[in-house]
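Inspection log for the structure reproduced underneath, given as structure tokens.
The values are calculated or read from the model by the stated rules, or taken from the named source; none is laboratory data. In this text the structure is predicted, and so the values were computed from the model without any measurement. Cβ placement follows ideal geometry from the backbone for every residue including glycine, while neighbour counts extend to all protein chains displayed.
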Amino acid sequence: MRTLHLTAALLIFSLMAAVGAAEETAAENESKHLANIHQVTSGLPRAGEGYFSPDGKSIVYQAYPVGYPFYQIYVQDLEGGTPRRMSTGRGRTTCSYFSVDGQSVLFASSHSDPQLDITEKKARDLAAEGGRRRYQWDFDPYMDIYSVNLDGTGLKRLTDAPGYDAEGSYSSDGKQIVFTSSRDGDPDLYIMDADGTNVRQITNKDGYDGGPFFSPDNKWVIFRSDRQKEHMLQLFAVSADGKTEVQLTNNLNQVNWCPYFHPSGDYLVWAGADYSQGPGPLSKFQLFTLELKWGIDNTLSAGDVTQITFEASQDVLPVFSPDGTKLMWTSTRSKDETSQLWIADWIRGQKNQQK
């Protein structure tokens, strides 16, 4: 019996040692790219998809309020700020973004749903049956894009076409918004002027095209798409006029999504997970960078890939600060394993700025 106890103790010790070694290795690998890693958001059940203000001092993000079943949009100071709600407080919301002057935010909301009371009740009933469901994307047909001033005034509806309109972000000069819309029956990419006028379509292929962002020079748009295989997202880029398209990743065993440009335009960051065995505990999302090769005639192709995060957490939705020295992302690496925003000094970004 004593031998059994000893054997069990040795096994537990070995497992603890292995876990400790894995954690140490993950931390060492991340330290090559990230420093001063720490949590940004707290006090809300779940928070994520954060973006920086133009001066890098504030962030806008989506989070679950206490007692409400759908994400709402919040703004706060980057360090130690108090969350301040910017959305209406009802309906699903997603995909917020600061205006170029930092005086307003863009976001998508379904608060105009004529059956919102019923929609909310269904979500509350579902939560009561088994707790809040795991993250799932809703292509809510009542989702439209709005802007609102930072003081909460001037809520303006920018889209009103039937179907899902969301995932919007501004061009670097603030004159245009790129977004995803299902107005033609399939989620494709569109660009409109910042006031919601002059809408034009830039992708038109079967499958979901979404999560678009302009390149720093506004000549290209990066996005994710499952047009090759449903749900197996890959990264693409399309010229802002919609005439030229480039596929940047092509591994149908890996889900790749949420690409975001470094302000230098030299590379992008994104989240990827190995789904070769299907979704499950082993399909953890990690962050990666992809070098971009620009031709003299503004052609684009993919270069080297580097893994950035290694923890046994879900790391997704990465974004760079406007000066390229910080990386912020959504992670479950907190002690309670809830999704929250995390930030780190971007070591490689600092080196690039010194070139």
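Assorted remarks:
- Exactly one residue among 280, 324, 272, 295 is farther than 23 Å from residue 223 by Cα and either aliphatic (A, V, I, L, M) or out of contact with any Lys or Arg (no Cβ under 9 Å at 6 or more places or on another chain) (or both), and that residue is 280.
- Set 309, 332: member being buried (at least 18 other Cβ atoms within 10 Å of the Cβ), at negative phi, free of Cβ contacts under 8 Å to residues at least 40 places away in the same chain and not hydrophobic (A, V, I, L, M, F, W, C): 332
- Subset of the stretch 165-181 (residues that are acidic (Asp, Glu) and crowded, with 23+ Cβ neighbours inside 10 Å): 165, 167
- Some residue of the stretch 208-218 being under 22 Å from residue 288 (Cβ atoms) and surrounded by fewer than 17 Cβ atoms within 10 Å (Cβ to Cβ): yes
- Residue selected from the stretch 149-196 under the condition of a type in the set (Ser, Thr, Tyr) and not in a loop (DSSP other than H, G, I, E, B), by the criterion nearest to the chain's Cα centre (by Cα): 169
- From the options 264, 283, residue that is polar (S, T, N, Q) and at pLDDT 90 or above: 264
- The stretch 13-60, residues that are modelled with pLDDT under 95, of a type in the set (A, V, I, L, M, F, W, C) and closer than 24 Å to residue 80 by Cα: 44
- If you filter the stretch 62-93 down to residues that are assigned to a loop (DSSP other than H, G, I, E, B) and among the charged types (D, E, K, R), you find that the one that is surrounded by the fewest Cβ atoms within 10 Å (Cβ to Cβ) is 79.
- When residues of the stretch 144-167 are limited to those that are of a type in the set (A, V, I, L, M) and in contact (Cβ under 8 Å) with a residue 60 or more places away in the chain, the one farthest from residue 102 (Cα to Cα): 166
- Contact annotation: residue pairs with Cβ atoms under 7 Å, 6 or more positions apart or on different chains, pairing a residue in the stretch 232-259 that is closer than 23 Å to residue 168 by Cβ and without any contact (Cβ under 8 Å) to a residue 60 or more places away in the chain with a partner that is among the hydroxyl-bearing types (Ser, Thr, Tyr) and in a strand (DSSP E or B), are 233/225; 234/225; 236/225; 246/301.
- Residue within the stretch 336-344 that is among the β-branched types (Val, Ile, Thr), at pLDDT below 95 and loosely packed, with under 14 Cβ neighbours inside 10 Å present: no
- Close pairs from the stretch 77-93: first more than 15 Å from residue 50 (Cα to Cα) and among the polar types (S, T, N, Q), partner modelled with pLDDT of 95 or more and surrounded by 19 or more Cβ atoms within 10 Å (Cβ to Cβ), Cβ under 6 Å, at least 6 apart: 88/111
- Hey, residue 105 in a strand (DSSP E or B), in contact (Cβ under 8 Å) with a residue 40 or more places away in the chain, touching a strand residue (DSSP E or B) at 6+ places or on another chain (Cβ under 7 Å) and of a type in the set (Val, Ile, Thr) or not: yes
- For residue 182, the test of being touching a residue at least 60 places away in the same chain (Cβ under 8 Å), closer than 22 Å to residue 256 by Cβ and out of contact with any helix residue (DSSP H, G or I) (no Cβ under 6 Å at 6 or more places or on another chain) is failed.
- Qualifying residues in the stretch 230-243 (those that are at pLDDT 95 or above and loosely packed, with under 12 Cβ neighbours inside 10 Å) - the one nearest to residue 276 (Cα to Cα): 243
- Yes/no for residue 296 being surrounded by fewer than 17 Cβ atoms within 10 Å (Cβ to Cβ) and among the aliphatic types (A, V, I, L, M): yes
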